[in-house]
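Participant: To start, I am sharing the structure in question, which I have written as C-alpha coordinates.
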Amino acid sequence: MEMNRQIFTIEQVNNYVKSLMDKNPVLQNLWIRGEISNFKLHSSGHMYFTLKDNQARIKCVFFKNYAYSLNFVPTDGMSVIVRGNISLYTRDGQYQLYVQHMERDGIGELYAALEALKEKLMKEGLFSQEHKKPLPAYPRKIGIITSHTGAAVHDVIKVISKRNPTVDILVIPVAVQGENAKDQISAAINYANTREDIDILIVGRGGGSIEELWAFNEEKVARAIFGSRIPIISAVGHETDFTIADLVADVRAPTPSSAGEIAVAEISSIHEALEGLDRRLQDTMTNKLKELSNYLDKLSNSYVLKYPERLFAAYEQRLDYATEKIMTNMDNFISARSDKFVRTVSYLEALNPLSVMMRGFSIVTDIEKGSIIRSVDELHENMQVKIHLTDGNATCNITSKEKEPANENWSR
(Lines give C-alpha, C1' and ligand atoms only; values in the text may rest on other atoms or scores of the structure.)
Protein backbone atom coordinates (compact mmCIF):
# COMPACT_ATOMS: atom_id res chain seq x y z
CA MET A 1 0.00 0.00 0.00
CA GLU A 2 1.27 3.44 -0.97
CA MET A 3 1.64 5.72 2.06
CA ASN A 4 1.99 8.96 0.07
CA ARG A 5 -1.24 8.79 -1.89
CA GLN A 6 -3.48 11.91 -1.89
CA ILE A 7 -7.17 11.36 -1.03
CA PHE A 8 -9.74 13.94 -2.12
CA THR A 9 -13.24 14.60 -0.92
CA ILE A 10 -16.13 14.48 -3.36
CA GLU A 11 -16.59 18.20 -2.97
CA GLN A 12 -12.96 18.79 -3.92
CA VAL A 13 -13.28 16.63 -7.01
CA ASN A 14 -16.47 18.32 -8.08
CA ASN A 15 -15.01 21.76 -7.49
CA TYR A 16 -11.95 20.81 -9.56
CA VAL A 17 -14.10 19.54 -12.46
CA LYS A 18 -16.21 22.70 -12.20
CA SER A 19 -13.12 24.90 -12.42
CA LEU A 20 -11.98 23.05 -15.55
CA MET A 21 -15.37 23.61 -17.18
CA ASP A 22 -15.49 27.24 -16.16
CA LYS A 23 -12.03 27.84 -17.72
CA ASN A 24 -12.92 26.16 -21.02
CA PRO A 25 -13.77 28.92 -23.55
CA VAL A 26 -15.88 26.59 -25.71
CA LEU A 27 -18.19 25.76 -22.79
CA GLN A 28 -18.60 29.39 -21.74
CA ASN A 29 -20.55 30.60 -24.79
CA LEU A 30 -22.64 27.82 -26.35
CA TRP A 31 -25.62 28.08 -28.70
CA ILE A 32 -27.83 24.94 -28.48
CA ARG A 33 -31.05 23.94 -30.22
CA GLY A 34 -33.43 21.52 -28.48
CA GLU A 35 -36.93 20.74 -27.25
CA ILE A 36 -38.09 21.68 -23.75
CA SER A 37 -39.42 19.00 -21.42
CA ASN A 38 -40.05 18.73 -17.67
CA PHE A 39 -40.38 22.50 -17.49
CA LYS A 40 -40.87 23.94 -14.01
CA LEU A 41 -41.23 27.57 -12.99
CA HIS A 42 -40.05 27.90 -9.40
CA SER A 43 -41.71 30.30 -6.97
CA SER A 44 -38.42 32.22 -6.98
CA GLY A 45 -38.88 33.00 -10.65
CA HIS A 46 -36.07 30.68 -11.78
CA MET A 47 -36.82 28.18 -14.56
CA TYR A 48 -35.69 24.55 -14.52
CA PHE A 49 -36.10 22.26 -17.53
CA THR A 50 -34.50 19.64 -19.73
CA LEU A 51 -33.34 20.39 -23.26
CA LYS A 52 -33.42 17.33 -25.54
CA ASP A 53 -33.17 16.04 -29.05
CA ASN A 54 -33.63 12.54 -30.48
CA GLN A 55 -30.32 11.31 -29.10
CA ALA A 56 -29.61 13.01 -25.78
CA ARG A 57 -30.67 15.53 -23.16
CA ILE A 58 -29.16 18.10 -20.84
CA LYS A 59 -30.36 19.75 -17.63
CA CYS A 60 -30.84 23.52 -17.83
CA VAL A 61 -31.25 26.42 -15.41
CA PHE A 62 -32.60 29.82 -16.50
CA PHE A 63 -32.20 32.26 -13.62
CA LYS A 64 -34.74 35.02 -13.09
CA ASN A 65 -32.29 37.87 -13.76
CA TYR A 66 -31.76 36.53 -17.31
CA ALA A 67 -35.33 35.31 -17.95
CA TYR A 68 -37.11 38.60 -17.22
CA SER A 69 -36.71 39.77 -20.85
CA LEU A 70 -38.55 36.77 -22.35
CA ASN A 71 -41.57 37.72 -24.46
CA PHE A 72 -43.12 34.22 -24.30
CA VAL A 73 -43.76 31.52 -21.70
CA PRO A 74 -41.68 28.36 -22.23
CA THR A 75 -43.73 25.14 -22.25
CA ASP A 76 -43.09 21.45 -22.67
CA GLY A 77 -42.73 20.48 -26.31
CA MET A 78 -41.50 23.90 -27.39
CA SER A 79 -38.42 23.93 -29.62
CA VAL A 80 -35.97 26.68 -28.65
CA ILE A 81 -32.46 27.99 -29.28
CA VAL A 82 -30.57 28.94 -26.13
CA ARG A 83 -27.22 30.53 -25.31
CA GLY A 84 -25.37 29.85 -22.09
CA ASN A 85 -22.43 28.23 -20.35
CA ILE A 86 -21.80 24.70 -19.16
CA SER A 87 -20.80 24.20 -15.53
CA LEU A 88 -21.01 21.60 -12.81
CA TYR A 89 -23.58 21.69 -10.02
CA THR A 90 -21.21 20.48 -7.33
CA ARG A 91 -23.83 19.32 -4.84
CA ASP A 92 -25.22 16.68 -7.25
CA GLY A 93 -22.09 16.19 -9.33
CA GLN A 94 -24.15 16.91 -12.40
CA TYR A 95 -23.24 19.28 -15.17
CA GLN A 96 -25.91 21.56 -16.59
CA LEU A 97 -26.42 24.46 -18.95
CA TYR A 98 -26.86 27.85 -17.34
CA VAL A 99 -29.06 29.66 -19.87
CA GLN A 100 -28.55 33.37 -20.45
CA HIS A 101 -30.71 33.81 -23.57
CA MET A 102 -33.64 31.91 -25.15
CA GLU A 103 -35.58 32.27 -28.39
CA ARG A 104 -38.28 30.15 -30.00
CA ASP A 105 -37.35 27.73 -32.79
CA GLY A 106 -40.82 26.58 -33.81
CA ILE A 107 -43.00 23.95 -32.15
CA GLY A 108 -41.44 20.66 -31.18
CA GLU A 109 -42.20 17.52 -33.15
CA LEU A 110 -44.11 15.84 -30.34
CA TYR A 111 -46.15 18.95 -29.67
CA ALA A 112 -46.94 19.36 -33.38
CA ALA A 113 -48.06 15.72 -33.61
CA LEU A 114 -50.20 16.19 -30.51
CA GLU A 115 -51.92 19.27 -31.92
CA ALA A 116 -52.54 17.56 -35.27
CA LEU A 117 -54.17 14.56 -33.58
CA LYS A 118 -56.25 16.85 -31.36
CA GLU A 119 -57.61 18.67 -34.39
CA LYS A 120 -58.40 15.41 -36.18
CA LEU A 121 -60.26 13.83 -33.25
CA MET A 122 -62.11 17.06 -32.47
CA LYS A 123 -63.46 17.20 -36.04
CA GLU A 124 -64.67 13.61 -35.65
CA GLY A 125 -66.57 14.57 -32.48
CA LEU A 126 -64.57 12.49 -29.99
CA PHE A 127 -64.39 15.46 -27.60
CA SER A 128 -68.07 16.45 -27.90
CA GLN A 129 -70.02 16.80 -24.66
CA GLU A 130 -73.00 14.96 -26.15
CA HIS A 131 -71.00 11.71 -26.12
CA LYS A 132 -70.03 11.97 -22.43
CA LYS A 133 -71.62 9.24 -20.30
CA PRO A 134 -72.77 10.06 -16.75
CA LEU A 135 -71.08 8.31 -13.85
CA PRO A 136 -73.30 6.05 -11.72
CA ALA A 137 -73.91 7.61 -8.32
CA TYR A 138 -73.24 4.43 -6.34
CA PRO A 139 -70.89 2.07 -8.23
CA ARG A 140 -70.46 -1.45 -6.91
CA LYS A 141 -67.20 -2.25 -8.71
CA ILE A 142 -64.49 0.01 -10.16
CA GLY A 143 -61.79 -1.03 -12.61
CA ILE A 144 -58.39 0.68 -12.46
CA ILE A 145 -56.17 0.53 -15.56
CA THR A 146 -52.64 1.62 -14.67
CA SER A 147 -49.22 0.32 -13.69
CA HIS A 148 -49.42 -2.05 -10.73
CA THR A 149 -46.05 -0.83 -9.46
CA GLY A 150 -46.65 2.92 -9.60
CA ALA A 151 -47.81 5.16 -6.79
CA ALA A 152 -50.97 6.09 -8.69
CA VAL A 153 -52.70 2.74 -8.20
CA HIS A 154 -52.00 2.76 -4.45
CA ASP A 155 -53.32 6.32 -4.15
CA VAL A 156 -56.56 5.44 -5.93
CA ILE A 157 -57.13 2.26 -3.93
CA LYS A 158 -56.43 4.08 -0.68
CA VAL A 159 -58.91 6.88 -1.49
CA ILE A 160 -61.68 4.52 -2.64
CA SER A 161 -61.28 2.16 0.33
CA LYS A 162 -61.34 5.05 2.77
CA ARG A 163 -64.41 6.67 1.23
CA ASN A 164 -66.43 3.48 0.83
CA PRO A 165 -64.90 0.10 1.79
CA THR A 166 -67.90 -1.77 0.35
CA VAL A 167 -66.88 -0.90 -3.24
CA ASP A 168 -65.00 -3.69 -5.04
CA ILE A 169 -61.81 -2.79 -6.95
CA LEU A 170 -60.33 -4.60 -9.95
CA VAL A 171 -56.80 -3.57 -10.97
CA ILE A 172 -55.91 -4.29 -14.60
CA PRO A 173 -52.12 -3.79 -14.77
CA VAL A 174 -50.63 -2.26 -17.92
CA ALA A 175 -47.48 -0.49 -19.04
CA VAL A 176 -48.07 3.26 -18.88
CA GLN A 177 -45.06 4.33 -20.95
CA GLY A 178 -42.94 2.84 -23.68
CA GLU A 179 -43.65 1.24 -27.03
CA ASN A 180 -46.18 -1.33 -25.77
CA ALA A 181 -48.12 1.01 -23.51
CA LYS A 182 -50.75 2.13 -26.04
CA ASP A 183 -51.53 -1.49 -27.01
CA GLN A 184 -51.82 -2.67 -23.42
CA ILE A 185 -53.98 0.28 -22.31
CA SER A 186 -56.42 -0.05 -25.24
CA ALA A 187 -56.57 -3.83 -24.81
CA ALA A 188 -57.33 -3.42 -21.08
CA ILE A 189 -60.19 -1.01 -21.85
CA ASN A 190 -61.63 -3.45 -24.40
CA TYR A 191 -61.31 -6.34 -21.95
CA ALA A 192 -63.09 -4.42 -19.19
CA ASN A 193 -65.98 -3.80 -21.56
CA THR A 194 -66.48 -7.57 -21.95
CA ARG A 195 -67.36 -7.81 -18.25
CA GLU A 196 -70.77 -7.02 -16.80
CA ASP A 197 -69.62 -6.27 -13.25
CA ILE A 198 -67.61 -3.07 -13.77
CA ASP A 199 -69.49 0.21 -13.32
CA ILE A 200 -66.65 2.74 -13.74
CA LEU A 201 -63.14 2.61 -15.25
CA ILE A 202 -60.27 4.79 -14.02
CA VAL A 203 -57.48 5.04 -16.61
CA GLY A 204 -54.27 6.87 -15.79
CA ARG A 205 -50.87 7.16 -14.19
CA GLY A 206 -48.74 9.56 -12.16
CA GLY A 207 -47.13 12.69 -13.56
CA GLY A 208 -44.17 12.86 -15.89
CA SER A 209 -42.72 14.50 -18.96
CA ILE A 210 -44.59 14.74 -22.24
CA GLU A 211 -42.63 11.70 -23.43
CA GLU A 212 -43.57 9.67 -20.36
CA LEU A 213 -47.25 10.58 -20.73
CA TRP A 214 -47.27 10.06 -24.49
CA ALA A 215 -49.15 6.73 -24.38
CA PHE A 216 -52.22 8.69 -23.27
CA ASN A 217 -51.89 10.91 -26.35
CA GLU A 218 -52.02 7.94 -28.74
CA GLU A 219 -54.94 7.69 -31.18
CA LYS A 220 -55.46 4.00 -30.39
CA VAL A 221 -56.02 4.76 -26.70
CA ALA A 222 -58.31 7.69 -27.53
CA ARG A 223 -60.54 5.52 -29.72
CA ALA A 224 -60.66 2.75 -27.11
CA ILE A 225 -61.84 5.28 -24.51
CA PHE A 226 -64.43 6.72 -26.90
CA GLY A 227 -65.77 3.25 -27.77
CA SER A 228 -66.14 2.15 -24.13
CA ARG A 229 -69.70 1.52 -22.92
CA ILE A 230 -68.39 1.84 -19.35
CA PRO A 231 -67.95 5.45 -18.18
CA ILE A 232 -64.25 6.33 -17.98
CA ILE A 233 -62.45 8.74 -15.66
CA SER A 234 -59.10 9.88 -17.05
CA ALA A 235 -56.50 10.46 -14.33
CA VAL A 236 -53.20 11.21 -16.05
CA GLY A 237 -50.38 13.00 -14.29
CA HIS A 238 -50.73 16.06 -12.13
CA GLU A 239 -53.28 18.86 -12.32
CA THR A 240 -51.25 20.80 -14.92
CA ASP A 241 -50.80 17.79 -17.22
CA PHE A 242 -53.36 17.48 -20.00
CA THR A 243 -53.59 14.63 -22.53
CA ILE A 244 -55.90 13.57 -25.34
CA ALA A 245 -57.20 10.83 -23.04
CA ASP A 246 -58.47 13.61 -20.75
CA LEU A 247 -60.38 15.20 -23.64
CA VAL A 248 -62.03 11.96 -24.80
CA ALA A 249 -62.87 10.52 -21.38
CA ASP A 250 -66.30 11.05 -19.85
CA VAL A 251 -64.72 12.79 -16.82
CA ARG A 252 -61.24 14.22 -16.31
CA ALA A 253 -59.63 13.99 -12.86
CA PRO A 254 -56.68 16.31 -12.19
CA THR A 255 -54.83 13.55 -10.30
CA PRO A 256 -55.27 9.79 -9.71
CA SER A 257 -56.28 10.44 -6.09
CA SER A 258 -59.01 12.85 -7.14
CA ALA A 259 -60.28 10.19 -9.57
CA GLY A 260 -61.10 8.02 -6.56
CA GLU A 261 -62.93 10.94 -4.95
CA ILE A 262 -64.94 11.58 -8.12
CA ALA A 263 -65.83 7.91 -8.62
CA VAL A 264 -66.97 7.08 -5.09
CA ALA A 265 -69.07 9.08 -2.67
CA GLU A 266 -68.07 8.91 0.98
CA ILE A 267 -70.09 6.29 2.82
CA SER A 268 -70.80 8.84 5.54
CA SER A 269 -72.41 11.13 2.99
CA ILE A 270 -74.45 8.17 1.72
CA HIS A 271 -75.65 7.52 5.27
CA GLU A 272 -76.49 11.20 5.67
CA ALA A 273 -78.37 11.16 2.39
CA LEU A 274 -80.34 8.06 3.45
CA GLU A 275 -81.12 9.62 6.81
CA GLY A 276 -82.26 12.78 5.05
CA LEU A 277 -84.49 10.76 2.73
CA ASP A 278 -85.88 8.86 5.72
CA ARG A 279 -86.70 12.13 7.50
CA ARG A 280 -88.31 13.53 4.38
CA LEU A 281 -90.36 10.35 3.97
CA GLN A 282 -91.54 10.48 7.58
CA ASP A 283 -92.37 14.19 7.30
CA THR A 284 -94.22 13.60 4.06
CA MET A 285 -96.23 10.70 5.50
CA THR A 286 -97.01 12.69 8.69
CA ASN A 287 -98.17 15.69 6.66
CA LYS A 288 -100.23 13.47 4.36
CA LEU A 289 -101.91 11.68 7.27
CA LYS A 290 -102.61 15.02 8.92
CA GLU A 291 -104.07 16.34 5.68
CA LEU A 292 -106.29 13.27 5.28
CA SER A 293 -107.35 13.47 8.95
CA ASN A 294 -108.38 17.11 8.52
CA TYR A 295 -110.25 16.21 5.37
CA LEU A 296 -112.08 13.40 7.18
CA ASP A 297 -113.00 15.74 10.03
CA LYS A 298 -114.29 18.22 7.51
CA LEU A 299 -116.41 15.56 5.84
CA SER A 300 -117.78 14.26 9.13
CA ASN A 301 -118.85 17.76 10.10
CA SER A 302 -120.22 18.61 6.69
CA TYR A 303 -123.83 19.65 6.17
CA VAL A 304 -124.51 16.70 3.85
CA LEU A 305 -123.44 14.01 6.29
CA LYS A 306 -125.32 15.65 9.16
CA TYR A 307 -128.56 16.09 7.19
CA PRO A 308 -128.40 13.61 4.30
CA GLU A 309 -132.18 13.76 3.72
CA ARG A 310 -131.85 17.40 2.79
CA LEU A 311 -129.55 16.48 -0.05
CA PHE A 312 -132.23 14.15 -1.47
CA ALA A 313 -134.96 16.74 -0.90
CA ALA A 314 -133.35 19.03 -3.40
CA TYR A 315 -133.14 16.21 -5.94
CA GLU A 316 -136.77 15.25 -5.30
CA GLN A 317 -137.85 18.81 -5.93
CA ARG A 318 -135.85 18.89 -9.15
CA LEU A 319 -137.52 15.58 -10.14
CA ASP A 320 -140.99 17.06 -9.53
CA TYR A 321 -140.17 20.08 -11.67
CA ALA A 322 -138.84 17.82 -14.41
CA THR A 323 -141.89 15.53 -14.27
CA GLU A 324 -144.27 18.47 -14.41
CA LYS A 325 -142.43 19.92 -17.35
CA ILE A 326 -142.55 16.58 -19.19
CA MET A 327 -146.31 16.22 -18.60
CA THR A 328 -146.94 19.74 -19.82
CA ASN A 329 -144.87 19.14 -22.92
CA MET A 330 -146.71 15.88 -23.55
CA ASP A 331 -150.13 17.55 -23.18
CA ASN A 332 -149.10 20.30 -25.56
CA PHE A 333 -147.73 17.77 -27.98
CA ILE A 334 -150.89 15.60 -27.92
CA SER A 335 -153.15 18.65 -28.22
CA ALA A 336 -151.24 19.93 -31.21
CA ARG A 337 -151.34 16.53 -32.89
CA SER A 338 -155.09 16.18 -32.11
CA ASP A 339 -155.90 19.53 -33.69
CA LYS A 340 -153.89 18.60 -36.74
CA PHE A 341 -155.71 15.28 -36.97
CA VAL A 342 -159.14 16.98 -36.82
CA ARG A 343 -158.13 19.40 -39.54
CA THR A 344 -156.88 16.56 -41.69
CA VAL A 345 -160.12 14.58 -41.23
CA SER A 346 -162.18 17.66 -42.10
CA TYR A 347 -160.06 18.20 -45.19
CA LEU A 348 -160.46 14.57 -46.25
CA GLU A 349 -164.19 14.71 -45.51
CA ALA A 350 -164.54 17.70 -47.79
CA LEU A 351 -162.78 15.81 -50.54
CA ASN A 352 -164.97 12.68 -50.10
CA PRO A 353 -167.24 12.31 -53.19
CA LEU A 354 -169.95 10.67 -51.06
CA SER A 355 -170.24 13.84 -49.04
CA VAL A 356 -170.84 15.77 -52.26
CA MET A 357 -173.40 13.24 -53.41
CA MET A 358 -175.24 13.58 -50.12
CA ARG A 359 -175.98 17.13 -51.12
CA GLY A 360 -177.95 15.94 -54.21
CA PHE A 361 -175.22 15.26 -56.71
CA SER A 362 -174.69 12.02 -58.65
CA ILE A 363 -172.04 10.45 -60.85
CA VAL A 364 -172.74 9.30 -64.43
CA THR A 365 -170.53 6.60 -65.99
CA ASP A 366 -170.35 4.97 -69.42
CA ILE A 367 -171.58 1.40 -69.01
CA GLU A 368 -169.36 0.08 -71.77
CA LYS A 369 -166.20 1.90 -70.85
CA GLY A 370 -166.77 2.38 -67.14
CA SER A 371 -165.45 5.93 -67.41
CA ILE A 372 -167.06 8.97 -65.75
CA ILE A 373 -169.05 11.20 -68.05
CA ARG A 374 -167.90 14.76 -67.43
CA SER A 375 -169.40 16.53 -70.45
CA VAL A 376 -172.58 16.32 -72.52
CA ASP A 377 -170.32 15.94 -75.49
CA GLU A 378 -169.50 12.44 -74.37
CA LEU A 379 -173.17 11.35 -74.67
CA HIS A 380 -175.00 10.13 -77.72
CA GLU A 381 -178.48 8.80 -78.38
CA ASN A 382 -179.32 5.26 -77.34
CA MET A 383 -176.20 5.23 -75.15
CA GLN A 384 -176.58 3.42 -71.87
CA VAL A 385 -175.20 5.11 -68.79
CA LYS A 386 -175.26 4.33 -65.10
CA ILE A 387 -176.25 6.93 -62.57
CA HIS A 388 -174.57 6.52 -59.14
CA LEU A 389 -176.53 7.85 -56.16
CA THR A 390 -175.77 7.67 -52.46
CA ASP A 391 -178.19 4.83 -51.85
CA GLY A 392 -177.92 2.91 -55.16
CA ASN A 393 -177.47 2.93 -58.94
CA ALA A 394 -179.82 3.42 -61.96
CA THR A 395 -179.34 2.43 -65.60
CA CYS A 396 -180.63 4.89 -68.19
CA ASN A 397 -180.87 5.07 -71.96
CA ILE A 398 -180.04 8.44 -73.53
CA THR A 399 -182.84 9.56 -75.82
CA SER A 400 -181.70 13.14 -76.33
CA LYS A 401 -179.10 15.63 -75.13
CA GLU A 402 -178.92 19.39 -75.00
CA LYS A 403 -175.83 21.49 -74.34
CA GLU A 404 -176.32 24.72 -72.45
CA PRO A 405 -174.04 27.71 -72.11
CA ALA A 406 -171.40 27.54 -69.35
CA ASN A 407 -172.69 28.52 -65.91
CA GLU A 408 -170.25 29.84 -63.33
CA ASN A 409 -172.08 28.37 -60.38
CA TRP A 410 -172.20 24.92 -61.94
CA SER A 411 -168.56 25.19 -62.98
CA ARG A 412 -167.54 25.60 -59.39
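The values are calculated or read from the model by the stated rules, or taken from the named source; none is laboratory data. Predicted model, so just to flag it, every value in this text is computed and none were measured. All Cβ positions, glycine included, derive from the backbone under ideal geometry; neighbour counts span all protein chains shown.
Participant: Residue by residue through region 294-328, note down the ones that are at pLDDT 85 or above and either of a type in the set (Gly, Ala, Ser) or in contact with a helix residue (DSSP H, G or I) (Cβ under 9 Å, 6 or more places away or on another chain) (or both).
Facilitator: Across region 294-328, the qualifying residue is only Ala322.
Participant: Here is a further query. Can you say whether Lys64 is outside the structural domain of Glu35 (by TED's automatic domain parsing), exposed (fewer than 14 other Cβ atoms within 10 Å of the Cβ) and among the charged types (D, E, K, R), as far as the supplied structure shows?
Facilitator: For Lys64, the condition - outside the structural domain of Glu35 (by TED's automatic domain parsing), exposed (fewer than 14 other Cβ atoms within 10 Å of the Cβ) and among the charged types (D, E, K, R) - is not met.
Participant: Let me ask something else. Select, from Ile172, Ile202, Ile189, Ile198, the only residue that is touching a residue at least 60 places away in the same chain (Cβ under 8 Å) and buried (at least 17 other Cβ atoms within 10 Å of the Cβ).
Facilitator: On inspection, the qualifying residue turns out to be Ile202.
Participant: Against the definition (of a type in the set (S, T, N, Q) and touching a Leu at 6+ places or on another chain (Cβ under 9 Å)), how does Gln94 come out, yes or no?
Facilitator: Taking the combined requirement at face value, the residue satisfies it.
Participant: A further question on this structure: With (1) within 21 Å of Leu247 (Cβ to Cβ); (2) in contact (Cβ under 8 Å) with a residue 60 or more places away in the chain; (3) out of contact with any strand residue (DSSP E or B) (no Cβ under 9 Å at 6 or more places or on another chain); (4) surrounded by 14 or more Cβ atoms within 10 Å (Cβ to Cβ) as the list, and Asp183 as the residue in question, which single condition is left unmet?
Facilitator: Condition (2) is where Asp183 drops out.
Participant: Sticking with this structure for a sec: Taking the stated definitions as given, is Pro231 modelled with pLDDT under 95 and surrounded by fewer than 22 Cβ atoms within 10 Å (Cβ to Cβ)?
Facilitator: no
Participant: Now for a separate question. Which of the residues belonging to region 329-368 are over 27 Å from Val385 (Cβ atoms), among the aromatic types (Phe, Trp, Tyr) and at pLDDT below 85?
Facilitator: Result: Tyr347, single match.
Participant: Take Asn71 and decide whether it is farther than 24 Å from Gly208 by Cβ and over 60 Å from the mean Cα position of the chain (by Cα).
Facilitator: No: the conditions fail for Asn71.
Participant: Check whether at least one residue in region 26-47 is within 30 Å of Val248 (Cα to Cα), surrounded by fewer than 16 Cβ atoms within 10 Å (Cβ to Cβ) and either modelled with pLDDT under 90 or not aliphatic (A, V, I, L, M) (or both), and report yes or no.
Facilitator: Taking every residue of region 26-47 in turn, at least one turns out to be within 30 Å of Val248 (Cα to Cα), surrounded by fewer than 16 Cβ atoms within 10 Å (Cβ to Cβ) and either modelled with pLDDT under 90 or not aliphatic (A, V, I, L, M) (or both).
Participant: Any idea how many residues of region 109-145 are of a type outside the set (Ser, Thr, Tyr) and in a helix (DSSP H, G or I)?
Facilitator: Number of matching residues: 18.
Participant: Moving to a separate point now. Has region 96-104 got any residue that is among the hydroxyl-bearing types (Ser, Thr, Tyr) and more than 23 Å from Gly206 (Cβ to Cβ)?
Facilitator: Yes: region 96-104 contains one or more residues that are among the hydroxyl-bearing types (Ser, Thr, Tyr) and more than 23 Å from Gly206 (Cβ to Cβ).
Participant: Right, here's the next one. Select, from Ile172, Ile198, the only residue that is part of a strand (DSSP E or B) and in the same structural domain as Val251 (by TED's automatic domain parsing).
Facilitator: Ile172
Participant: Here is a follow-up. Can you report the number of residues in region 107-135 which are in contact (Cβ under 8 Å) with a residue 12 or more places away in the chain and exposed (fewer than 12 other Cβ atoms within 10 Å of the Cβ)?
Facilitator: Number satisfying all stated conditions: 2.
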